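J.: Before I ask anything, here is the structure I am working with.
The values are calculated or read from the model by the stated rules, or taken from the named source; none is laboratory data. Predicted model only: the values in this text are computed from it and were never measured. Heads up, the Cβs are rebuilt from the backbone with ideal geometry, glycines too, and the neighbour counts pull from every protein chain shown. Only protein heavy atoms, including side chains, enter the accessible area calculation; ligands, DNA and RNA are left aside. Shrake-Rupley method; radii C 1.70, N 1.55, O 1.52, S 1.80 Å.
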Amino acid sequence: MHAPRSEAVGRTASPTTARRINDRLALQLLQDEGPLTATRLRELTGLSRPTVADLVERLRAAGLIAVVGESGAQRRGPNARLFGIVADRAHLLALDLRDHGVSIAVADLLGEIRAERTVPLAEHTPPLHAVRATRRAIDEALTAAGATEPHTVAVGAPGLIDPESGRIGGTDWVPRWHHAVVTALEESGAPVLLENEVNLAAVAEARDGAARARDTFVLLWLGQGTGAAVVLDGRLRRGASGGTGEIGFLPVPGTGGLPSAHGCTGGFHSLAGSRAVVRLAAEYGIEPPDPAPVRTPDTGAHPPAAAPGADGPDAYVTAAEALMRAAVERPGGAAFLDDLAARVALGVAAVSAVLDPGCVVLGGEVGQAGGPEFARRVAAQLARVSPLATEVRAGTVGGRGVLRGAVLTARDAAQNTLFPGPAEPHH
């Protein structure tokens, strides 16, 4: 719902600035609302008929909008034409880097995904091999989407993203090939936006998911690892070194140790990461309907690593996700869910004590699999250890949230470049 705007901007700004503001407003409405007639644009903006007619012609001449149909509710004629953004004006490339591979999506200017590819890679894959495999998959996805090259690239990666340099830094626990892939993308010529993976998932939850009505919230990621994204007053907060939300390193009771500068074993990760979920489920005798390939014996020994996609780190995520769904669906899963909820509540309580966000979204594959039932149990456990009123919601975008957040981030950046904005002031 958009409040009407007036043309008062034209009285206080130069004609060029006023035109750019009006053009940007119209494009944003077409982005949010979909195709609109000139009449509807006038109603939503409060602009006059001549002003809307002028901006429509400018945007058509620039190749940013086109006639995409006619409105059946109005008579045939100029006012009945539906104008929409030319989605193929630019193509966006989104990547989600994980320990076990790369997910790739090519989207149009409206953020609609046109093609996807997945590249399985082992954690210790040689960087050159990873770069070549990723490039092949990108070329295939671009071709399938009818594109030759991306206008903007957005990449989600684990670890610390330095706010100053925009590069992966301060982390020695991420695969070396992550750095190589990012460098190769930067050398390709298109602008590359690198962001922490959980931050991108928060973008997706804020735009399309459980946090749409919130401008302040924390996304707690529960997947292969654990992490958090902090959104305050509608802005992602990254911290001085990009480390805001590295909750896996949070010292908590019950782990039998402490994390270190080189790994989060002994921190919150050891209580709520996917391996911990699989082990806890085994203690309660919880098994998924279709037994997962990962088995954790009573000794707690790790299953042997195998080929990517079979019994590697991603298999733990798959198993933990299936176990969560099984526990929610079966009456016998209540004790397991309560135990895990108490663990997760420790992390949520720490976040709430420092930030008091009022809302925490449980994201990632495991958080989404638990659904509202698990979120309710976490909220109940949280109320026992924290005096702060904190709503706990189940995330809705799950593991695909990183890729979706990357698409949305690339779309915003591309639109900022292509869509006209206010003229820069002269100094």
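J.: Report the calculated FRET efficiency for R235 and E329 (r = Cβ-Cβ distance, R0 = 45 Å), to the nearest 0.05.
T.: Working: r = 38 Å, r/R0 = 0.85.
The pair R235/E329 has a calculated efficiency of 0.75.
J.: Along its three principal axes, how long is the chain when you only count alpha carbons? Whole Å, largest extent first please.
T.: 76, 51, 49
J.: Over 18 Å apart: what share of the alpha carbon pairs of region 75-210 falls there, rounded to a whole percent?
T.: 58
J.: Rank these by accessible area, largest first, 1.4 Å probe: H129, H269.
T.: Greatest to least solvent exposure: H129, H269.
J.: Compute the helix-to-body angle for 401-418: its Cα long axis versus the longest principal axis of the chain, expressed 0 to 90° and rounded to tens.
T.: That helix lies at roughly 20 degrees to the long axis.
J.: Moving on. So what's the angle, to the nearest 10 degrees on a 0 to 90 scale, between helix 176-186 and the longest Cα principal axis of the chain?
T.: 0
J.: Roughly to the nearest percent, how much of the accessible area of region 105-168 is carbon and sulfur, given a 1.4 Å probe?
T.: 48
J.: Which value, in Å², gives the accessible area per residue of region 202-295 when a 1.4 Å probe is used on the protein heavy atoms?
T.: Spelled out: the 1.4 Å probe surface of region 202-295, per residue, equals 45 Å².
J.: Could I ask something else about it? If I build a Gaussian network model for the chain, linking alpha-carbon pairs within less than 10 angstrom, which residue out of D99, D32, D162 has the largest mean-square fluctuation?
T.: Checking each option, the largest mean-square fluctuation is seen for D32.
J.: Over region 351-427, what percent of the accessible surface lies on carbon and sulfur atoms, probe 1.4 Å?
T.: 55
J.: For the chain, what proportion of DSSP beta bridges, expressed in % and rounded to the nearest 5, is antiparallel?
T.: So the antiparallel bridges in the chain amount to around 65 percent.
J.: What is the spread of the Cα atoms of region 347-426 along each of their three principal axes, largest first, in whole Å?
T.: The Cα atoms of region 347-426 stretch 56, 30, 15 Å along the principal axes, largest first.
J.: So, one more: Tally up the carbon and sulfur contribution to the accessible surface of region 180-262 as a whole percent, 1.4 Å probe, everything protein left in place.
T.: Of the solvent-accessible surface of region 180-262, carbon and sulfur hold 51 percent.
J.: Something else about it: Return one whole number: the accessible area per residue of region 76-153 in Å², for a 1.4 Å probe.
T.: 45
J.: Taking θ as phi - 60°, what are the ³J(HN,Hα) couplings along region 220-229 by the Karplus curve (6.51, -1.76, 1.60), each to the nearest whole Hz, with x for Gly and Pro?
T.: 9, 8, 10, x, 4, x, 10, x, 9, 10
J.: Relative to the first principal axis of the alpha-carbon coordinates of the chain, what is the inclination of helix 197-208, with its axis defined by its Cα atoms, in degrees from 0 to 90 and to the nearest 10?
T.: Between the helix axis and the principal axis of the chain, the angle is about 50 degrees.
J.: Right, something else. Only Cα pairs within less than 10 Å get springs; with that Gaussian network setup on the chain, which residue of P126, P50, P35 has the largest fluctuation?
T.: With Cα springs under 10 Å in the chain, the top fluctuation among P126, P50, P35 is at P50.
J.: Roughly how many nanometres apart are two label points built 7 Å out from the Cα toward the Cβ at A190 and R49?
T.: Taking the two extended label points, one gets 4.3 nm.
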